[in-house]
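S.K.: Let me give you the structure first, and then I'll get to my questions.
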Amino acid sequence: MLGDRRFCAFCAISLLPLFIFGQTYTTFPVVLTSYLHVSSAAWGLLMSFMALLIVVTQYPAVRAVRRLDPMFQVALASTLFGLGVGLTAFVPAAWPLLLTIAALALAQALFGPVTSAIVAHLAPVEIRGRYMGAWTFVWTAGQSSLGPIVGGVLLARFGPHATYIVILAMGFVGAGLYPLLRARPAGAAARPAPPGHEPAAAPPVRAVHDP
């Protein structure tokens, strides 16, 4: 699995939007309540609004982008993550804030199912469980570890504006890197099988001699 460079690159790039995703329940509410002066009650309503949008838009959103290359789909999700979180520190607590919340909801609606489908497609059937396990580790590391820790340090050291400019940039960087991992065109050499799963050699062909 670690020899699959495309998969490893996909995991590394995905740490960028996952880092942004990790701000949702850590630095994001701090910025909203402490800097934009959104009340705790309004914060709860905004989270309910975001959850409702995810439920309503996930299925039609995934269907709407199904004709795009999967790497373009996840690049779109990375862009929406950057906009949904990164612009929060620069908008008033009014309808522009609702638009950033909507962008964040749409990013979550796309990112989860699309990335899982990409990992399943990249994985050879025989060791798909290893790939999905590694992807779960990357997801947890980005969203639940790196995101909260590094985001909190940046917010405390540099303030919301500088921190959220970095977050906005990370969303766009991820969007620019994902398309580099698009599938090879038809006729390209097939990916070598992982060690221990090479196909069996074909039996020798015997010559047929006429009597």
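The values are calculated or read from the model by the stated rules, or taken from the named source; none is laboratory data. Predicted model, so just to flag it, every value in this text is computed and none were measured. Using ideal geometry, Cβ is built from the backbone for each residue, glycine included, and neighbour counts are taken over all protein chains shown. Surface areas here come from the heavy atoms of the whole protein model, side chains and all, with no ligands, DNA or RNA. Shrake-Rupley method; radii C 1.70, N 1.55, O 1.52, S 1.80 Å.
S.K.: Can you name the residue in region 139-164 that is closer than 11 Å to F19 by Cβ and of a type in the set (A, V, I, L, M) and, of all such residues, is most open to solvent (accessible area, probe 1.4 Å)?
M.R.: I149
S.K.: Okay, moving on. Give me the pairs, please: first residue somewhere in region 19-34 and farther than 13 Å from G82 by Cβ and touching a residue at least 24 places away in the same chain (Cβ under 8 Å), second residue anywhere and open to solvent by 10 Å² or more (accessible area, probe 1.4 Å) and of a type in the set (F, W, Y), beta-carbon distance under 9 Å, and either six or more positions apart or on two chains.
M.R.: L32/W43
S.K.: Could you list, in sequence order, all residues of region 32-88 that are under 20 Å from T163 (Cα atoms), open to solvent by 70 Å² or more (accessible area, probe 1.4 Å) and in contact with a Pro (Cβ under 8 Å, 6 or more places away or on another chain)?
M.R.: Correct list: Y35 only.
S.K.: Is there any pair with a first residue in region 42-66 that is more than 16 Å from F111 (Cβ to Cβ) and a second that is surrounded by 14 or more Cβ atoms within 10 Å (Cβ to Cβ) whose Cβ atoms are under 7 Å apart and which are 6 or more apart or on different chains, and what are they?
M.R.: Pairs found: W43/P29; W43/L32; W43/T33; L46/I101; F49/I101.
S.K.: Which count do you get for residues in region 4-31 that are closer than 18 Å to A103 by Cβ and either open to solvent by 50 Å² or more (accessible area, probe 1.4 Å) or in contact with a strand residue (DSSP E or B) (Cβ under 7 Å, 6 or more places away or on another chain) (or both)?
M.R.: So in region 4-31, the residues closer than 18 Å to A103 by Cβ come out as 16-25, 27-29, 31.
With the extra rule that they be either open to solvent by 50 Å² or more (accessible area, probe 1.4 Å) or in contact with a strand residue (DSSP E or B) (Cβ under 7 Å, 6 or more places away or on another chain) (or both), the set shrinks to 25.
Number satisfying all stated conditions: 1.
S.K.: Just for region 99-138: of the residues that are touching a Lys or Arg at 6+ places or on another chain (Cβ under 9 Å) and among the hydrophobic types (A, V, I, L, M, F, W, C), which one is most open to solvent (accessible area, probe 1.4 Å)?
M.R.: At the first step, the residues of region 99-138 found to be touching a Lys or Arg at 6+ places or on another chain (Cβ under 9 Å) are 119-120, 122-124.
Next, only the ones that are among the hydrophobic types (A, V, I, L, M, F, W, C) stay: 119-120, 122-123.
Working: V119: 0, A120: 30, L122: 5, A123: 6 Å².
Selected residue: A120.
S.K.: Still on this model: With a cut-off of at least 2 residues that are over 19 Å from V138 (Cα atoms) and touching a Gly at 6+ places or on another chain (Cβ under 7 Å), name the helices (runs of 4 or more DSSP H) lying wholly within region 1-115. Spell out how you get there, then give the answer.
M.R.: On the way: elements: 5-21, 27-30, 40-64, 70-86.
Once the helices (runs of 4 or more DSSP H) in region 1-115 are filtered for at least 2 residues that are over 19 Å from V138 (Cα atoms) and touching a Gly at 6+ places or on another chain (Cβ under 7 Å), what remains is 70-86.
S.K.: Now for a separate question. Tally up the residues in region 32-41 that are farther than 16 Å from L99 by Cβ and in contact with a helix residue (DSSP H, G or I) (Cβ under 8 Å, 6 or more places away or on another chain), please. It would help to see each step written out before you state the result.
M.R.: Pass one, region 32-41, residues farther than 16 Å from L99 by Cβ: 33-35, 37, 39-41.
From what's left, in contact with a helix residue (DSSP H, G or I) (Cβ under 8 Å, 6 or more places away or on another chain): 33, 35, 39-40.
Going through region 32-41 one residue at a time, the tally reaches 4.
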